[in-house]
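Enquirer: First the structure, which I've put down as structure tokens, then a few questions once you've had a look.
We did not get these values from a lab; they are worked out from the coordinates using the rules stated. Not measured: the values here are computed from a predicted model. All Cβ positions, glycine included, derive from the backbone under ideal geometry; neighbour counts span all protein chains shown.
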Amino acid sequence: MKIYENENIYIEVETSEIPWLKIFPVKKYKELSDCDTKTREELLDTMLLVETQMIKFYKPKKVNIAMFGNYLPHLHIHVMARFEKDSYFPEPMWGKKQRNGNLDLPSSELFVKNLLIDLHKNDIL
């Protein structure tokens, strides 16, 4: 589900048991190094702010950040809050399931609302 878009980037929420956002450039770049400077800076600044807000809001064991693009060769950044009791920890979310997750997390709607406020406040969006 798309939660934000401007002329350079957009942000989607991945449906998952864990907090997981994906940040895309609007223009379909294959690699980060292909981006123009403004888009690259906006992608990375947004990624860092999302990571910081996930840490503050969810207090995860770890935040995972990934840029694969092997199946979808359109640059995008995954930012995922990870917890010892999620279904895959310590494996990546694409790895082997370890257990049935048992998470009791704060509201994702409140997280998104707070994140968008912080992005605007920091002039990233």
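Enquirer: Determine the dipole magnitude for the chain: charges of +1 sit on the beta-carbon of Lys and Arg, -1 on that of Asp and Glu, nothing else is charged, the reference point is the Cα centre, and the result goes in debye to the nearest 20.
Expert: 440 debye
Enquirer: Additional query: As a footprinting exposure proxy, order 20, 94 by other Cβ within 10 Å, with the fewest listed first.
Expert: Fewest-to-most Cβ neighbours within 10 Å comes out as 94, 20.
Enquirer: OK, next. Can you list the lysines whose alpha carbon is less than 26 Å from that of residue 121, not counting same-chain residues fewer than 8 positions off?
Expert: Cα-Cα hits under 26 Å: 2, 22, 27, 38, 56, 59, 62, 113.
Enquirer: Just flag the GluC sites (Glu not before Pro) in the stretch 16-59 sitting in loop per DSSP whose Cβ has no more than 13 other Cβ atoms within 10 Å.
Expert: Here the GluC sites (Glu not before Pro) that fit, given the DSSP loop and packing criteria, are 31.
Enquirer: Over all Cα pairs of the chain, how is the pair count split among 5 Å bins, expressed in % and running from 0 up to the last occupied bin?
Expert: Computed distribution, short to long bins: 2, 11, 21, 23, 19, 14, 8, 2, 0.
Enquirer: Enumerate the calculated ³J(HN,Hα) couplings along the stretch 75-82 in order (Karplus 6.51 cos²θ - 1.76 cosθ + 1.60, θ = phi - 60°), each rounded to whole Hz, writing x wherever the residue is Gly or Pro.
Expert: Along the stretch 75-82, the couplings run 2, 7, 10, 8, 10, 10, 7, 10 Hz.
Enquirer: To continue, here is another question. Based on the alpha-carbon gyration tensor of the stretch 21-90, what equivalent-ellipsoid semi-axes (square roots of 5 times the eigenvalues) come out, in whole Å, largest first?
Expert: Semi-axes, largest first: 25, 15, 7 Å.
Enquirer: List, in order, the whole-Hz ³J(HN,Hα) value for each residue of the stretch 106-116 obtained from phi through the Karplus relation with A = 6.51, B = -1.76, C = 1.60 and θ = phi - 60°; use x for Gly and Pro.
Expert: Rounded to whole hertz, the list is x, 4, 5, 5, 5, 4, 4, 4, 5, 4, 5.
Enquirer: Relative contact order of the stretch 1-113: what whole-number percent is it, with Cα pairs under 8 angstrom and at least 6 residues apart?
Expert: Normalised by residue count, the contact order of the stretch 1-113 is 23 percent.
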